[in-house]
Amino acid sequence: MIRILTLAWLVWLEMLRRKDVYVLFILLAAFLATLMALNLFGLGQVVSYLKEIGLLLAWVCSWILAVSISTRQLPQEERQGTIFPLLAKPVSRVEVLLGKWLGAWIVAGAATLVFYALLALVVVMRGGAFGGVVLAQAWLLHLGLLGIITALGIAFSTRLNADAASVLTYVATLAAWLVLPRVPDLVLTARGAGQTGLMVIYYALPHLELFDLRHRLVYGWPPASSAVVLWILVYGLLMTAVFLTLGWLAYRNKRFTRGAML
Amino acid sequence: MGIWVALVLAILWGAAFALACRLTSPSADGLMPGDETDSPATAGSVAIKALSASRAATGNQLYEAADRTFHMGVGVYRRQAFTSWFTRLGQAIEPGGHVHLHSEGVNELVPWLYLATRADPHNVEAYVVASFWLAGEGGRPDLAERVLKEARANNPKDYRVYLEKGRLALKKGALAEAARAFDAAGALWKRDSGPDKAQAQLDRTEMLIYRGLLYEEDGDVPRALTCYREILVLFPGRVGIRERLTELTETGQPRVAPAAMRQAIMFQRQHVCEREDH
């Protein structure tokens, strides 16, 4: 466990050294400032649009961050040749995989917390507020979502270079996000192989929409039932474990060649 | 590196979106093979067409966001072929039921309408809806007037702007101003009633009813009768109008005073969304 935590700590330090998080934070702040500065037909004291667009931006930023951090960890070690001294140490491949995933997940989760805090501050400045419990639930579920995305990114990056892995992760997560919630009504118009294909996709891809509490948060609805939140988190944990296992299966016997990932 | 990949994907997606909007818009013929897209001069116009179609699509999307805000985050109902563990969990966390924003809370949907008009300044419906709510429960008729002024500047020949201007004037009690606005709306309607013929007929009926009632209040019964007869040409089944026409023709005096009738119609319009069946 110590070895996994050490690897995760290294990912954290790398994140502090690189500028990704700062760039995304500044972009988010700039967008929020622009939204606040809009002259909405001369109407002030309205916050719903700020909450909704702000949360969407926070989600997009954390998604970009989760994919970019998770997909570059393993290919970077191979490209720089540091995978050889790393594996020469008493560290197993599964520990490398878990350490990299944990680091990427914690970094993305912490950055998301900062994004939420910035948004909450802006909303308060505008005279609005978020429900505390719903906000905590939203962040918790968002954390579950980031667990799945980073696990998928790590799984793809075990066999692909960083660019290919990140493109595949973006496409897979976006498709899961946009298409899966519509499958129950798309099935009504599909026939034969198309219908079977939709059903396969429906059960195979992760249901990321379950982790989205934004509407409940924006429009002041009461918190979701704790049991439901718990079930969704368990589902997130399961999907994360599935992707990490797939990644491990792809990584355990991988042969490393110097310069192969250049 | 991942951020750059995201950026490239976003640009590609944006281009695909603009093209898809153009191809699925009703006037997509210009992009078909063999059209005028070969010359460099028209290539620019194709790009502009594609972008303007995507502006309209974005405007419509923002208009739908306003509707969702009005229903406090509850999305539109979709019939589903099956239910699963995932759909049940989804329903448990998504807001549900038939709820609306009330009183000054309706102003929360104005920013979406504002953004919709910024994306597409010809989205007259967004202007009209913003003005309606601001002047009504939003309690800001001053801003409603400002919205309509901007709508008129961007869409000077659209009858709907003048129709809403007339409604707003009625709410303020400025009857002469309302009459002028309905007359202007009627003249523009005759020139171009827009693509939605069914809605255009309903709008024409509304302006004729208001105009007829205003004529009655001025004591000009013959012109009021002309308005009501025109309504019956559009909708022969309107029993209320037929009865009013008969009362005015036979006795010269309607059972319900025009001002009371006007108030009743405006009140009905304000509360139309309280029905459970929409």
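The values are calculated or read from the model by the stated rules, or taken from the named source; none is laboratory data. Just so it is clear, the structure is predicted and the values come from calculations on it, not from any experiment. Here the Cβ positions follow ideal geometry from the backbone for every residue, glycine too, while neighbour counts run over all protein chains shown. With ligands, DNA and RNA removed, areas are computed over all heavy atoms of the protein, side chains included. Shrake-Rupley method; radii C 1.70, N 1.55, O 1.52, S 1.80 Å.
With chain A treated as a Gaussian network of Cα nodes joined by springs under 10 Å, which of A:128, A:109, A:44 yields the largest mean-square fluctuation?
Highest fluctuation of the listed residues: A:44.
Which of A:179, A:96, A:107 moves most in a GNM of chain A, Cα contacts under 10 Å?
A:179
What order do B:210, A:22, B:63 take when sorted by accessible area (1.4 Å probe), most exposed first?
If we order B:210, A:22, B:63 from most to least accessible, we get A:22, B:63, B:210.
Between residue B:12 and residue B:174, what is 0.36 nm times their sequence separation minus the Cα-Cα distance? Round to one decimal in nm.
Values: separation 162, 0.36 × 162 = 58.32 nm, distance 5.25 nm.
Residue separation times 0.36 nm, minus the Cα-Cα distance, leaves 53.1 nm.
Could you pull the accessible area for residue A:178 with a 1.4 Å probe, rounded to 10 Å²?
100
Considering only A:198, A:233, A:98, give the residue with the highest GNM mean-square fluctuation for chain A, with springs between Cα atoms whenever their separation is below 10 Å.
Sorting by GNM fluctuation, first place goes to A:198.
Could you please tell me the mean projected area of the C-alpha convex hull for region B:179-224, averaged over all directions and given in square nanometres to one decimal?
Averaging across all directions leaves 3.1 nm² for the Cα convex hull.
Residue by residue through region B:70-78, which ³J(HN,Hα) values in whole Hz follow from phi under the Karplus form 6.51 cos²θ - 1.76 cosθ + 1.60 (θ = phi - 60°), with glycine and proline marked x?
Those phi angles translate into 4, 9, 6, x, 7, x, 6, 6, 10 Hz.
Assuming R0 = 45 Å, what is the FRET efficiency of residue A:191 and residue B:118, from their Cβ-Cβ distance, to the nearest 0.05?
Once the sixth-power term is evaluated, E becomes 0.60.
Any chance you could look up the accessible area of residue B:183 with a 1.4 Å probe, heavy atoms only, rounded to 10 Å²?
Accessible surface of residue B:183 is approximately 70 Å².
Based solely on its DSSP helices, what 222 nm [θ] is calculated for the protein assembly as shown when runs of n ≥ 4 H residues each add -39,500 (n - 2.57) and the sum is averaged over all residues, nearest 500 deg cm²/dmol?
Calculated from helices alone, the mean residue ellipticity at 222 nm is -24000 deg cm²/dmol.
Using the Kirkwood radius built from alpha carbon pairs, what does the Stokes-Einstein equation give as D for the protein assembly as shown at 20 °C and 1.002 mPa s, in µm² per second?
It diffuses with D of about 79 µm²/s by this estimate.
Report the label-to-label distance for residue A:23 and residue A:199 in nanometres (one decimal), using points 7 Å from each Cα along the Cα→Cβ vector.
In this crude spin-label approximation the distance works out to 4.5 nm.
Can you give the accessible area per residue of the protein assembly as shown, in Å², using a 1.4 Å probe? Kindly include the intermediate steps, with their values, before the conclusion.
Details: 26340 Å² over 540 residues.
Normalised by residue count, the accessible surface of the protein assembly as shown is 49 Å².
Just to verify a number: what accessible area does residue B:172 come out at with the full protein assembly present, 1.4 Å probe, Å² rounded to tens?
About 90 Å², ignoring ligands and nucleic acids.
Once phi is turned into ³J(HN,Hα) by the Karplus curve 6.51 cos²θ - 1.76 cosθ + 1.60 with θ = phi - 60°, what whole-Hz value does each residue of region B:195-203 show in order, with x for glycine and proline?
x, 8, 5, 4, 5, 4, 5, 5, 5
Could you tell me the largest-minus-smallest coordinate of the C-alpha atoms of region B:159-208 on each of the three principal axes, in descending order and whole angstroms?
Between the extreme Cα coordinates on each principal axis of region B:159-208 lie 31, 16, 15 Å.
Measure off 7 Å from each Cα along the Cα-to-Cβ vector at residue B:193 and residue A:255, then give the distance between these two points in nanometres to one decimal.
7.8
Accessible area, 1.4 Å probe, largest first: how do B:196, A:20 sort?
Order by accessible area, largest first: B:196, A:20.
Calculate what fraction, in whole %, of the accessible area of the protein assembly as shown sits on carbon and sulfur atoms when a 1.4 Å probe is rolled over the protein chains. Spell out each step's value before the answer.
Details: 17080 of 26340 Å².
Carbon and sulfur atoms account for 65 percent of the accessible area of the protein assembly as shown.
Find how many whole Å separate the alpha carbon centroid of region A:221-235 from the alpha carbon centroid of region B:111-182.
Region B:111-182 and region A:221-235 have Cα centres separated by 43 Å.
Which FRET efficiency, nearest 0.05, do residue B:260 and residue B:221 yield, Cβ-Cβ r, R0 22 Å? All intermediate terms of the calculation are to be shown ahead of the outcome.
Values: r = 17 Å, r/R0 = 0.76.
Taking R0 as 22 Å, the efficiency between residue B:260 and residue B:221 is 0.85.
Over both sides of the B-A contact, add up the buried accessible area with a 1.4 Å probe and give it to the nearest 100 Å².
Values: alone 16940 and 13490 Å², together 26340 Å².
Rounded to the nearest hundred, the buried surface is 4100 Å².
What ranking of A:215, B:102 comes out by heavy-atom accessible area, probe 1.4 Å, highest first?
B:102, A:215
What percentage of all Cα-Cα pairs in chain A are separated by more than 31 Å?
The answer is 32 percent, as a whole percent.
Residues with beta-carbon under 9 Å from that of residue B:159, excluding residue B:159: net charge, scoring Lys, Arg +1 and Asp, Glu -1?
So the surrounding residues net to +2.
Give me Rg over Rh for region A:201-251, both radii from the alpha carbons and Rh done the Kirkwood way, two decimal places.
1.11
Using Cα pairs under 8 angstrom and six or more residues apart, how large is the relative contact order of region B:99-161, in percent?
Worked out over region B:99-161, it gives 32 percent.
Which trypsin sites (Lys or Arg not before Pro) from region A:122-200 combine a DSSP loop assignment with at most 15 other Cβ atoms within 10 Å?
A:159, A:191
Over 10 Å intervals from 0, what percent of Cα-Cα pairs in region A:154-260 sits in each interval?
Histogram of Cα-Cα distances, whole percents per bin: 12, 31, 32, 19, 5, 1.
If r is the Cβ-Cβ distance from residue A:92 to residue A:125 and R0 is 60 Å, what FRET efficiency results, to the nearest 0.05?
Efficiency for this residue pair is about 0.75.
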